[in-house]
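As structure tokens, the structure follows; a few thoughts come after it.
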Amino acid sequence: MKVAVHICSFIGENYRERFIYLKKIVKNYLVINKNIHIFIHTDKVPEKYKLKKVKYVVHNLQNENPFYLSWKCRPFIEKQKNRYDYFVYSEDDILFTKKNFLYWLKHKNICIKNNLNLGFIRRERKNKKVFSTDLIKMISYKILINNKNFAVNNVNSYCAFWIYDKKELNKFIQTNFWHFKWKGKNVYAFYGIREMSAIGWHGKNMFRYNATVIPLTNKKLNTGCFIDHLSNNHALTNHPV
């Protein structure tokens, strides 16, 4: 089992703080599998904050919006499409753990078979309380798949990262949503530049999946779906979880 992880990390004024996140993120990826390769896509490599056991890929963004960095990894992923079994794209403050990976492995096939996207939910913490980063209201719909209940996230499926197996990724690469063009008024640009990349293939009107779903355990969301948003900058909005 070989896994490729591509992390987008722009070197800005707060990079020292982002570096702390990256250290924790990389550490968690490395315990998932011994055959995991991590690529950090950036505009420059700060030697003082350089991580071991990762490969840095530097992109020239001198005349571009920094948000386009989120798209720069796609040609590299495309070249790797047959070399790895699983592919992850992530922003540099998303903590993905072995528990999240095992949750995805366990439920992804039944979801794909039914043209559904297996969902994750970003969460943040404030004053010992947990908040959703992206949901502005509670998930209220359920469906039954193979006699198992799943919650339907028709509120907001965005979680700042995506994960696909090789077969699904190769299908994704064949679509216009992989080679997205921003010129003119593109009717499919429902998100910002960075978000349109980070939504992957399960964004609004992308046509691949009928819905984003999360399995229920004892009438509650399977805890494997929760990923931590380390920058914790949305908790003030007090979204439910």
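Observations, loosely collected:
- Scoring Glu168 on the criteria (1) out of contact with any Gly (no Cβ under 9 Å at 6 or more places or on another chain); (2) touching a residue at least 60 places away in the same chain (Cβ under 8 Å); (3) part of a helix (DSSP H, G or I) leaves a single failure, condition (2).
- Some residue of the stretch 115-122 being open to solvent by 30 Å² or more (accessible area, probe 1.4 Å) and on the phi < 0 side of the Ramachandran plot: no
- Of residues in the stretch 90-102 being open to solvent by less than 10 Å² (accessible area, probe 1.4 Å) and in a helix (DSSP H, G or I), the one nearest to Arg123 (Cα to Cα): Asn100
- Screening Met206 with (1) at pLDDT below 90; (2) surrounded by 14 or more Cβ atoms within 10 Å (Cβ to Cβ); (3) more than 18 Å from Asn114 (Cβ to Cβ); (4) out of contact with any Asp or Glu (no Cβ under 6 Å at 6 or more places or on another chain) gives one miss only, at (3).
- Verdict on Lys81 being part of a loop (DSSP other than H, G, I, E, B), modelled with pLDDT of 95 or more, surrounded by 13 or more Cβ atoms within 10 Å (Cβ to Cβ) and not aromatic (Phe, Trp, Tyr): yes
- Condition check for Trp178 on (1) open to solvent by 80 Å² or more (accessible area, probe 1.4 Å); (2) in a loop (DSSP other than H, G, I, E, B): one failure, at (1).
- Residue in the stretch 58-67 that is within 23 Å of Trp178 (Cα to Cα), within 20 Å of the chain's Cα centre (by Cα), at pLDDT 95 or above and open to solvent by less than 90 Å² (accessible area, probe 1.4 Å) present: no
- Among the criteria (1) among the hydrophobic types (A, V, I, L, M, F, W, C); (2) over 17 Å from Ser231 (Cβ atoms); (3) open to solvent by less than 30 Å² (accessible area, probe 1.4 Å); (4) part of a helix (DSSP H, G or I), the one Phe19 does not fulfil is (2).
- The set of residues in the stretch 39-55 being open to solvent by less than 60 Å² (accessible area, probe 1.4 Å) and either within 19 Å of Asn28 (Cβ to Cβ) or assigned to a loop (DSSP other than H, G, I, E, B) (or both) consists of Phe39, Ile40, His41, Asp43, Val45, Pro46, Tyr49, Leu51, Val54.
Okay, residues lined up against (1) in a helix (DSSP H, G or I); (2) modelled with pLDDT of 95 or more; (3) of a type in the set (Val, Ile, Thr):
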position: Trp104; (1), (2), (3): yes, yes, no
position: His107; (1), (2), (3): yes, yes, no
position: Cys111; (1), (2), (3): yes, yes, no
position: Arg125; (1), (2), (3): no, no, no
position: Val130; (1), (2), (3): no, no, yes
position: Ile136; (1), (2), (3): no, no, yes
position: Ile139; (1), (2), (3): no, no, yes
position: Asn149; (1), (2), (3): no, yes, no
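- Criterion: out of contact with any strand residue (DSSP E or B) (no Cβ under 9 Å at 6 or more places or on another chain) and more than 28 Å from Arg18 (Cβ to Cβ) - qualifying residue of Asn176, Asn154, Asn114: Asn176
- Yes/no for Ile32 being surrounded by fewer than 17 Cβ atoms within 10 Å (Cβ to Cβ) and closer than 23 Å to Asp228 by Cβ: no
- Leading residue by the ranking (farthest from the chain's Cα centre (by Cα)) among those in the stretch 129-175 that are exposed (fewer than 12 other Cβ atoms within 10 Å of the Cβ) and among the hydrophobic types (A, V, I, L, M, F, W, C): Leu144
- Selection status of Phe10, in a helix (DSSP H, G or I) and open to solvent by 50 Å² or more (accessible area, probe 1.4 Å): no
The values are calculated or read from the model by the stated rules, or taken from the named source; none is laboratory data. What you are looking at is a predicted structure, and each value in this text was computed from that prediction instead of being measured. Every residue, glycine among them, receives a Cβ derived from its backbone with ideal geometry; neighbour counts consider all protein chains shown. These accessible areas exclude ligands, DNA and RNA; they are computed on the full protein's heavy atoms, side chains included. Shrake-Rupley method; radii C 1.70, N 1.55, O 1.52, S 1.80 Å.
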